[in-house]
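Written out below as structure tokens is the structure these notes cover.
The values are calculated or read from the model by the stated rules, or taken from the named source; none is laboratory data. Keep in mind that what you see is a predicted model, and the values were worked out from it rather than measured. Here the Cβ positions follow ideal geometry from the backbone for every residue, glycine too, while neighbour counts run over all protein chains shown. The protein model used for the area step is the full one, side chains on, heavy atoms only, and it has no ligands, DNA or RNA in it. Shrake-Rupley method; radii C 1.70, N 1.55, O 1.52, S 1.80 Å.
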Amino acid sequence: MQTDVLIVGGGLSGLALADHLARQGRDFLLVEAQDRLGGRILTQEFSGGAFDLGPAWFWPGQPRMAALAERFQIPVFGQFSTGDLVYQEQNGTVQRGRGYASMEGSYRLAGGIGSVVHALAKGLDPVKIMTSTRVTSVEHSAGIITAEVDQNGRAQIIKANRIVMAMPPRVIANTVSFEPALDAGQMQVLQDTPTWMAGQAKI
Ligand SMILES: Cc1cc2nc3c(=O)[nH]c(=O)nc-3n(C[C@H](O)[C@H](O)[C@H](O)COP(=O)(O)OP(=O)(O)OC[C@H]3O[C@@H](n4cnc5c(N)ncnc54)[C@H](O)[C@@H]3O)c2cc1C
């Protein structure tokens, strides 16, 4: 398999880049390790409601999110911020009315943040998207990138002119091997770059 730009990761970053290249008529291939797109964005529909199990909020200082919502005509609404905040502590005690407005001033998307993932993916040629495909190693020689991927247990080679790894730096450092190996300084930068909200989970 051969492509101009190999995008590794089908989260919002990888999808936004694929969308950008597609609109410029450029050749690309996006590979995503999981069997679905969105990465840390996951909106689950349940009982007629859409629940964001990953990111839910964006803020006035994030014009690109607002632009995507406008382009795909996804309604934006302000986070509800009056009333009581209620939560249960580890020992079972329920706390109510501590009086702070959670995420006041932030925005939500109707249908959840997953709406953006669906809209971006819908506009892309499905032939250029490979899910359940994990990049395991990247070799760089004579201006050509050779990436080895594992697609459902089957090894394949993808050749590309450029590669964009749209995934958390620490995941790159810990799960992908490079030939020639990245120098110690580059590796340190990847290891030392914290992943935004990596310690968060929702149920
Ligand atoms: C619970 C939670 C709540 C959050 N809330 C907010 C919020 O309200 N607002 C906000 O702005 N941010 C929030 N964040 C952070 C936000 O989710 C991320 O910053 C954002 O989704 C990152 O997108 P990304 O495309 O850069 O990376 P990711 O979504 O991490 O995508 C990377 C993709 O790469 C894939 N991948 C990894 N390794 C390989 C490989 N070797 N080969 C192929 N594919 C690979 C992964 O499967 C993944 O799909 C939250 C995060 C969490 C976990």
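Taking strands (runs of 3 or more DSSP E) that do not extend beyond segment 127-186, which have at least 3 residues that are closer than 23 Å to ARG36 by Cα?
Counting at least 3 such residues, we get 133-141, 144-151, 154-165.
Taking GLY92, is it free of Cβ contacts under 8 Å to residues at least 40 places away in the same chain, farther than 27 Å from GLN2 by Cβ and either out of contact with any strand residue (DSSP E or B) (no Cβ under 6 Å at 6 or more places or on another chain) or surrounded by 10 or more Cβ atoms within 10 Å (Cβ to Cβ) (or both)? Answer is yes for this residue. Being within 24 Å of ALA198 (Cβ to Cβ) and in contact with a strand residue (DSSP E or B) (Cβ under 6 Å, 6 or more places away or on another chain) is true for just one of GLY10, GLY61. Which residue is that? Sole residue among the options that is within 24 Å of ALA198 (Cβ to Cβ) and in contact with a strand residue (DSSP E or B) (Cβ under 6 Å, 6 or more places away or on another chain): GLY10. Pairs are defined by a Cβ separation below 6 Å, a sequence spacing of at least 6 or placement on different chains, a first member in segment 21-34 that is in contact (Cβ under 8 Å) with a residue 24 or more places away in the chain, and a second member that is open to solvent by 70 Å² or more (accessible area, probe 1.4 Å) and within 16 Å of the ligand (Cβ to nearest atom); the pairs so defined are ALA33/ARG134. Please work out if SER102 is modelled with pLDDT under 95, open to solvent by less than 70 Å² (accessible area, probe 1.4 Å) and either in a strand (DSSP E or B) or touching a Leu at 6+ places or on another chain (Cβ under 7 Å) (or both). So SER102 passes the test.
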